[in-house]
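A quick write-up on the structure given underneath.
Computed from the coordinates by the stated procedures, all read-outs in this text should not be read as laboratory data. This structure is a prediction, so every number in the text was calculated from the model and none was measured. Here Cβ is always computed from backbone atoms with ideal geometry, including for glycine, and neighbour counts include all displayed protein chains.
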Amino acid sequence: MPIPFKMIGLSALMLATVPATALAQDNAAPKEGIRYAQIPQDAWSIVAEVRAKPGKEAELREATLPLVALVRSDPKNLVYFLQEDRAQPGHFVFYEVFASREDFEAHNAMPYVQAWFARLPELAQGGVQVMRMEVLGHRQP
């Protein structure tokens, strides 16, 4: 049974907030894996999206999930996230950062990426929509 709020003493309430405060401070620090200072000024960033054909959401997810480990294992990849829209399952958004355009193009030429692209006509509506982005504010002055 929960204890009514007014029965909790101030010191107990303060102690209860210490772990949350410590956790917030831990989360504010950059995590290992993404080293913002190592991202070059002219990094090649991509935001891309692909939408599954109706009824193909699970198949596209299954075909796409292996890319996460494969791309992250590429030493030329700096950041890679695969995301799926919670409100529209089968709508995937990729966030990728490579040191250069050449590194990104080499990534797209990899056999596993080409095999994924080859499956898109069967699984996706309209292929991949790509925005080529510039990374801003990732270096401290």
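Rg and Dmax over the alpha-carbon atoms of the range 36-133 stand at 13.4, 42 Å.
For residue 52, nonlocal amide neighbours, meaning residues 5 or more places apart or on other chains whose placed amide H falls under 5 Å from its own, are 91, 92, 125.
What dipole magnitude, in Debye to the nearest 20, does the range 36-133 give about its Cα centre under +1 on Lys/Arg Cβ and -1 on Asp/Glu Cβ?
Values: 10 positive and 13 negative charges, 30 e Å.
Taking the Cα centre of the range 36-133 as origin, the dipole is about 140 debye.
Net charge in the neighbourhood of residue 127 (other residues with Cβ under 12 Å of its Cβ; Lys, Arg +1, Asp, Glu -1) is +1.
Compute the convex hull volume of the Cα atoms of the range 87-141, divide it by the residue count, and report the result per residue in Å³ as a whole number. Walk me through the numbers on the way to the answer.
Working: hull volume 6.6 nm³, N = 55.
With only Cα atoms used, the range 87-141 gives 119 Å³ per residue.
Residues whose amide H comes within less than 5 Å of that of residue 78, counting only those at least five positions distant or on another chain, are 97, 98, 99 (H built at 1.01 Å from N in the peptide plane). Contact order, relative form, for the range 36-133: 45 percent (alpha carbon pairs under 8 Å, 6 or more residues apart, mean separation divided by residue count).
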